[in-house]
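Only the coordinates and a few stated rules stand behind these numbers; no lab work does. Source: prediction; values computed, not measured. Backbone-built Cβ (ideal geometry, glycine too); neighbour counts: all protein chains shown.
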Amino acid sequence: MSSFALYQGLANGIVTGCVYALIALSLVIIFKSTDVINFAGGEVVMVGAYLGMAALVYFELNYVLVFLFGAVGMFVIGALFDRIVLHKVLGRATPGQSILVAMVIATVGLGFAMKGTVRLFHYTEEVRRLTPAFRGPPIELGPVFLQRQDVAIVVIAVLLMLALFLFFQFTFIGKALRATSQNPKAAMLVGVPVQVMRLLIWGIACALAGVAGILIGGKLPMSVDMGGNVIILSFAAAVIGGFTNLPGAVFGGIMLGIIQNLVGITISSQAIAVAPFVVIMLVLTIRPQGLFGGQVRIKKV
């Protein structure tokens, strides 16, 4: 393998890894706050991509408004899901009864509902791709060449991750969300509206995944069934970094993107599909809580 191929593979891996990191962040935010794994995460990304296509094709919006449209649309879907479905599930819980299984099943149902709804629109029957937001000749960055769309993906993803970090660290709502994720009962005792915070958490997580879907839609083929592959890759990224660590999810996403590209260069393109499963098994065997996760907590379910 030449040095050019190595550097190019690393650069391409960082591009795809930034998208994985955004999706993994959406999974980790929900898990930290509710102890629920969102199995509809892939379908959330898929719907976000198709919302972006609708904004481009039918509403003819520019790309800034396309991202805003997708983010707001997915925020509303996530918030409504929490308010209408999960709120009802929590309300019917009896003292001492675990409802985690019911909440996980609810997310699975959300995924099927999204796929069924998207299939109702005729333009989703064929595999499509979003028009790139930035066109032109590749940009030369040292020994590697990147498409302008790839540079935009990295910049947008990094800005979103930085904004999310600043939001959680320095805003009142962000601190309230962190308190809710760390100890909901204690947060409620000091006056934090936990139900509202959970609604916001689901909305923010789905908005992140929706933006990631628009980024993916301009790079990879879009289909109604794309969520299956997306959720596997996102789980792998979250497992690498740790399901309870936000910076770990970012690191895990970028590492997974790099691993996939290097596997494709050094072994074969067919081995790329196997790489996430191998990574998951290795991390779970060596360090089950992830590279940046804390001590393993045992809970009764």
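Results, tabulated for the structure shown:
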| read-out | value |
| --- | --- |
| Separation of alpha-carbon centers, the stretch 224-274 and the stretch 38-79, rounded to whole Å | 22 Å |
| Mean separation of Cα contacts under 8 Å (6+ apart) over length of the chain, as relative contact order % | 37 percent |
| For the chain, with +1 on Lys and Arg beta carbons and -1 on Asp and Glu, the positive-most of G142, M53, L160 along the dipole | L160 |
| Order by protection proxy (mean Cβ within 10 Å, highest first), peptides 6-15, 135-144 | 6-15, 135-144 |
| Normalised alpha carbon radius of gyration of the stretch 34-120 [divisor 2.2 N^0.38 Å] | 1.28 |
| Kirkwood-Stokes translational diffusion coefficient of the stretch 90-199, alpha-carbon pairs, 37 °C, 0.692 mPa s, µm²/s | 173 µm²/s |
| Positive dipole terminus of the chain, leading residue within V190, I286, S33 (C-beta point charges) | V190 |
| Nearest-20 debye value, the chain charge dipole, Cβ charges on Lys, Arg, Asp, Glu | 880 debye |
| Within the chain, helix-based [θ] at 222 nm, where runs of 4 or more DSSP H residues each add -39,500 (n - 2.57), nearest 500 | -22500 deg cm²/dmol |
| Where N is the number of residues in the stretch 135-262, Cα Rg divided by 2.2 N^0.38 Å | 1.26 |
| Per-residue Cβ neighbour rank within 10 angstrom, fewest leading, V89, V44 | V89, V44 |
| Amide H contacts of I139 (H built 1.01 Å from N, under 5 Å, at least 5 apart or other chain) | L146, Q147, R148 |
| Distance between modelled label sites at F134 and V57, nm, 7 Å Cα→Cβ extension | 2.6 nm |
| Sorted largest first, extent of the stretch 13-223 alpha carbons per principal axis (Å) | 61, 41, 28 |
| Dipole axis of the stretch 13-223 (+1 Lys, Arg; -1 Asp, Glu on Cβ), positive-most option in V15, A209, A176 | A176 |
| Two-site label geometry, F170 and A186: point separation in nm, points 7 Å out along Cα→Cβ | 2.5 nm |
